[in-house]
Amino acid sequence: MDEIYRLSRVIELLRRQLNKDLPSQHIALLLAVAQNPGITMPELCKLLDMPQGTVSRNVKLMSHFCDKNGNNSVTKKGYGLLETDQAPANRYQLAVFLTAEGERLVEKLARVMGPEKKVDGFRDRMPDEASAMSKQLVS
C-alpha cells in the first residue's frame, strides 16, 4: 500500500503545482518526455497511443505559447514544462524536451516517489515537511 500512498502524493503535488483538474494525458506526456528527452512527436504518438493532433495540442499546452486577445494584446499561456526543437535526425520533425521548470517538477515528483523515511518515528508526509519537522524536534 506504500506505493498507492506515494502515487497519491504525486497526483496531489501535480494538482497543487499545475492545475487541480490536470488531465491524465498531460501527466503521461510529461513523464514520457522526462524518460525520453528529445523524443520526437511521432515517437510520442506511438508511445502514448495518441493521435498526432492530441499530442501536438498537449505539447503546446505543456509549453509556453502566446495567445492574441481581441484588443491586440498578447497573453502568455501554458505550463512552461516542455519545449520543442528541430529533431537532429529529421529537420521536419520536432523533438520534445523538459524545460528547466519541467526538470525541477520531475525532480520533486521523483523525491515524492522515493522510499518513505522515518523521522523520529513519524512517517514522512512530504520531503520538505519531514525536514522541517525534524528541525523542530531537534530544537
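Read-outs: derived from the displayed coordinates by stated rules, not from any lab. Bear in mind that the values here come from a model prediction, so they are computed numbers and not experimental data. Positions of Cβ are backbone-derived with ideal geometry, glycine not excepted, and every protein chain shown enters the neighbour counts.
Of note:
- The H on the amide N of Leu94, modeled in the peptide plane, is under 5 Å from the matching H of Met41, Ala87, each at least 5 residues off or on a different chain.
- Shape class of segment 1-98 from the Cα gyration tensor (axes a ≥ b ≥ c, square roots of the eigenvalues): oblate, since a/c reaches 1.5 or more and a/b does not exceed b/c.
- Per-peptide average of other Cβ atoms within 10 Å, ordering 75-88, 93-106 highest first: 93-106, 75-88
- Gain in span if fully extended, Gln52 to Glu3, counting 0.36 nm per residue against the direct Cα distance: 14.4 nm
- Added length on full extension, which subtracts the Cα-Cα distance from 0.36 nm per residue, Cys45 to Thr75: 7.9 nm
- Among the listed pairs Lys68/Lys108; Lys20/Lys46; Lys20/Lys60, those beyond 26 Å (Cα-Cα): Lys68/Lys108; Lys20/Lys46
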